[in-house]
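See below for the structure under consideration.
The values are calculated or read from the model by the stated rules, or taken from the named source; none is laboratory data. Please read these numbers as outputs of a predicted model, since none were measured by experiment. Reconstructed Cβ throughout: ideal geometry from the backbone, glycine too, with neighbour counts over all protein chains shown.
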Amino acid sequence: MAALRHALKESLTSIRRPTVSSRTILLTLALVAVFSIALSLRIYPAKYGYYLHEYDPYFDYYATNHLVEGVKANGLAGFVEYFRWRDYSTWFPEGRNVAASSQVGLHFAGAILYLIATEIFNIQISLYDFLVILPVYLGAFTTLIMFLLGKRFAGAGGGLLTALFFATSPPLLMRGSLGWFKSEPLALFLALSATYLFLTIYDSKIKMKGVIWRASLAGILLGYANTCWGGAQYFGIVFGLFFIVAALLKFDLEKTTYSGGLLVSFTLIFSSIFPRPGPSFILNPIGMLLIVGYLFSLITYRLTLIEDKMFLRSSLKAVFTLLLAGLLVVSFGAISAVSARYFTVVYPFQRTADPLIESVAEHFVPTHLEYFSSYGVLLFLAILGVYIAFRRRSPATVLALILGISGVYIASSFSRLMVYSTLALAILGAIGLVELSSSVLKSHKVAGKKTFLHEVRSDVKIFYSILLIGLLTLPMVYPVGASWRDAADQPVSIANAGTSFKADLPDWREALAWIKDNTPEDAVIIAWWDYGYWITVMGNRTTLADNATINS
């Protein structure tokens, strides 16, 4: 017994208190602060009322509610029934095939997360209230993903800056705040998580087993993101181009080939098993770019295993085979068509051919004023970031360049896609700012007759720090009407009756309540298409048209 007590005493005294460095504590506190900023800015519109935002989220709530009620009544069969649901309260009289014309992934995610919260964790909250707050947390948690991405591009400091730029970006605040139960917040969270997972594959300590599960999970997340938002297919362009560039620069071709095969396969599978985008995604231009990009990296990898004297001949054969296969696919019309909206993103001159595209506000071309008011000094820091990324040839910086250049390009077509220019400028701006700060503040070795360390003067450090703080905080208040605070201080559409006033105006809510209480239950309401979702969901009446513009 004495021996046991002695052994126990020895083991307890050997236990040491865990030590945490001051740098880790500061980094954690800074990250918590950025997360809190993201959360606060996104929940700010609650002062005008706790409602779903804009128009589409009302239908997404309506569809998610149908799914939740089906699961509660029929168990897992409720998920299957959803795919057979044709809603006749919209687009009277033909109705709407919901699964084939909606963001199924968004509805499933909302329903599953709600059921987990209420049935497993026993949180007492209505589905409506849950979906109103969900985008706030999705946006805040995405800032943590951006920190991890930025850390890979430019270290811990770069990660914090990337997260801060993302958290305070006006385009993201307008499309990810309270009540925005729509495509972007969830799709961005999934796609950026997939991007981070894929980049970790290139860590030297990651073995093939780690490559397999990371690439597979990244493909699943990317495929599911496509079912939540058509705009998430943009990441297919990024990865397709990355496979080609990675092969040309010979970035660990073995890992690129094996991980690429898994990522592309799972992305195509999970994009195809849902009605939208469906199997046609495999043969649309983005799906084909993913496949061609992967095949290019695969062929390049196989060619590196051949002796040098056979390399040129084998390369020519491979290129000829790919060209021939491409010509056959195109000539037989195997590549599925791209919608006019997506084609306009790639080829902006197409917009004049389709008046419907030009009639939608979110399809407007962003102006120079919008770019400068949204990003300010970040535009110039991003240019420096591009230069730095070109100098550093690594998988992370190459992906940052592809994401940056392509993101700015597609955002120049639709104002809605400025979420991608935000990703681009946040990452590249952080890279540029970290490099600039490192050059200004760090000591440098000066070569001469004797090499010595040149210490930067303290007054220079103070001046630079004040200047930097000023430049980064200026967007909080300026330009007036388009600052970070102004972007966050926007009532949800139903709260201010769809006007531009920052006030709680009950007009539309009263009108919808009147429709619900004073019109026959079988009434069919004719209204401008913008208000179809409101009338269907809050007015509980059948409508002729809504924001889906299905048969236009």
Close pairs (8 angstrom Cβ cut-off, 6 or more residues apart or separate chains): more than 16 Å from Pro93 (Cβ to Cβ) and in contact (Cβ under 8 Å) with a residue 24 or more places away in the chain in region 518-534, of a type outside the set (Phe, Trp, Tyr) and in a helix (DSSP H, G or I) anywhere: Tyr533/Asp56; Trp534/Leu512
Only one residue in Leu52, Leu106 is assigned to a loop (DSSP other than H, G, I, E, B) and surrounded by 18 or more Cβ atoms within 10 Å (Cβ to Cβ). Which one? Leu52
Spans of helices (runs of 4 or more DSSP H) in region 453-548 with at least 1 residues in contact with a Pro (Cβ under 7 Å, 6 or more places away or on another chain): 484-488
Determine, yes or no, whether Met208 is over 15 Å from Ser259 (Cβ atoms) and among the aliphatic types (A, V, I, L, M). no
Residue identified as farther than 30 Å from Arg392 by Cα and in contact with a helix residue (DSSP H, G or I) (Cβ under 6 Å, 6 or more places away or on another chain) among Leu164, Leu127, Leu172: Leu127
Pick from region 144-159, criterion surrounded by 24 or more Cβ atoms within 10 Å (Cβ to Cβ) and either more than 18 Å from Leu188 (Cβ to Cβ) or within 14 Å of the chain's Cα centre (by Cα) (or both), ranking: modelled with the lowest pLDDT: Ala154
Those residues of region 241-262 which are of a type in the set (Gly, Ala, Ser), crowded, with 24+ Cβ neighbours inside 10 Å and more than 16 Å from Ala400 (Cβ to Cβ) amount to Ala247, Ser259, Gly260
Could you please find all residues in region 448-476 being among the β-branched types (Val, Ile, Thr) and modelled with pLDDT under 70? Thr451, Val456
So in region 388-421, with the set limited to residues that are touching a Gly at 6+ places or on another chain (Cβ under 8 Å) and hydroxyl-bearing (Ser, Thr, Tyr), which one is nearest to Glu370 (Cα to Cα)? Ser421
Specify which of the listed residues (Ala545, Ala511, Ala488) is of a type in the set (A, V, I, L, M), closer than 20 Å to Asp56 by Cβ and at pLDDT below 90. Ala545
Any residue in region 461-475 that's within 15 Å of Thr168 (Cβ to Cβ): show its pairings with residues that are surrounded by 14 or more Cβ atoms within 10 Å (Cβ to Cβ) and not aromatic (Phe, Trp, Tyr) at Cβ separation under 6 Å, as long as the two are six or more apart or on different chains. Leu471/Val377; Pro475/Gly376; Pro475/Ser483
